[in-house]
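Take a look at the structure below.
The values are calculated or read from the model by the stated rules, or taken from the named source; none is laboratory data. Worth saying up front: this structure is predicted, and the values here are computed from it rather than measured. Here the Cβ is made from the backbone with ideal geometry for all residues, glycine too, and neighbour counts use every protein chain on show.
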Amino acid sequence: MTVSSPLPPSVDDTLTLLTSQDYVADRALATVLFLALKLGRPLLLEGEAGVGKTEIAKVLAAGLGRRLIRLQCYDGLDLASAFYEWNYPKQLLAIRQAESSGEGLSLYSDEFLIRRPLLEALSPQPGGAPVLLIDELDRADEPFEAFLLEILSDFQATIPEIGTLRAPEPPLVIVTSNRTREIHDALKRRCLYHWVDYPTAEREAAILRAKAGSVAEGLAAQIVGFVQRLRGMDLFKSPGVAETLDWAQALVQLDAIALTPDLIEQTLGVLLKYQDDIARLRGSEALRLLNDIQAELSQKPLGI
């Protein structure tokens, strides 16, 4: 059984915990995460897709030795999928057995209860309070947020047939949103909030070193410079950190030691996910960006 670690006692210790799991965070993120843990409050992380919001919950669970329970939100998510449901086939079988034996039966007991992620997070855990990740809440319907209010404020929820169930130890809650719609103010009030932005060039270089250390230094500098420039363009979807890492690993597999216009065109589908964006970068535009990067690197490396 995994032995859980105590919560970090300071912002510096929180930063160290993240770093120990190869998560390159700035001090602002470490501070709000420390406060969420210290105050026992859920943490709402908003930002573009691929900037590392979900990863924060994963490294927190790994760093503390806690179980990670993930609720992936989607359009049409209901309580049966998120909280609980009764095992009706098992109940019917139990009814038949009770009728044949003449014994009494309680249909609404833990034996017939199917625990979904939210109820599981409120249940006792052998390794201490789990990390509950409510991922991409903006994808769920707005009415689902109303159900979360009781859980996120009192760490309890009600099953009509049983009553109110309260967590013996509140879970460590991380809520993420890609901001495809606004999260309701009532839910935001129950959380601490942090916007996870695209990293600076220096921090993205550090992320590459931590996550893709096999990339040559010169190539890593070019990758960071290229991606940083893409984010300054009017693209349908700018590449996130996840795409930067995918691109770096793809280039390593191709034995690349430096970016070339042909190599960029051949691998743009790893970095960009919309055809209009890819078409815009083909040809002279990719060459222009590459020339800008090489000119800048000849004067000042991007922190690599």
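Those residues that are among the acidic types (Asp, Glu) and under 30 Å from residue 140 (Cβ atoms), I need them from segment 80-104; list them, please.
Once the filter is applied, which keeps residues that are among the acidic types (Asp, Glu) and under 30 Å from residue 140 (Cβ atoms), segment 80-104 yields only 85.
Please verify whether segment 84-95 includes one or more residues that are within 28 Å of the chain's Cα centre (by Cα), crowded, with 17+ Cβ neighbours inside 10 Å, assigned to a loop (DSSP other than H, G, I, E, B) and of a type outside the set (Val, Ile, Thr).
No, there is no match, as no residue in segment 84-95 is within 28 Å of the chain's Cα centre (by Cα), crowded, with 17+ Cβ neighbours inside 10 Å, assigned to a loop (DSSP other than H, G, I, E, B) and of a type outside the set (Val, Ile, Thr).
Search segment 194-253 for residues being closer than 30 Å to residue 173 by Cβ and among the hydroxyl-bearing types (Ser, Thr, Tyr), and hand back the single one that is surrounded by the most Cβ atoms within 10 Å (Cβ to Cβ).
It comes out as 244.
Among the residues of segment 21-38, is there at least one that is under 24 Å from residue 126 (Cα atoms), small (Gly, Ala, Ser) and surrounded by fewer than 17 Cβ atoms within 10 Å (Cβ to Cβ)?
Checked segment 21-38: no residue is under 24 Å from residue 126 (Cα atoms), small (Gly, Ala, Ser) and surrounded by fewer than 17 Cβ atoms within 10 Å (Cβ to Cβ).
Out of (1) in the same structural domain as residue 141 (by TED's automatic domain parsing); (2) in contact (Cβ under 8 Å) with a residue 60 or more places away in the chain, what's the single condition that is false for residue 4?
(1)
Checking the structure you have, find out if any residue of segment 112-129 is without any contact (Cβ under 8 Å) to a residue 12 or more places away in the chain, part of a loop (DSSP other than H, G, I, E, B) and under 20 Å from residue 158 (Cα atoms).
Within segment 112-129, not a single residue is without any contact (Cβ under 8 Å) to a residue 12 or more places away in the chain, part of a loop (DSSP other than H, G, I, E, B) and under 20 Å from residue 158 (Cα atoms).
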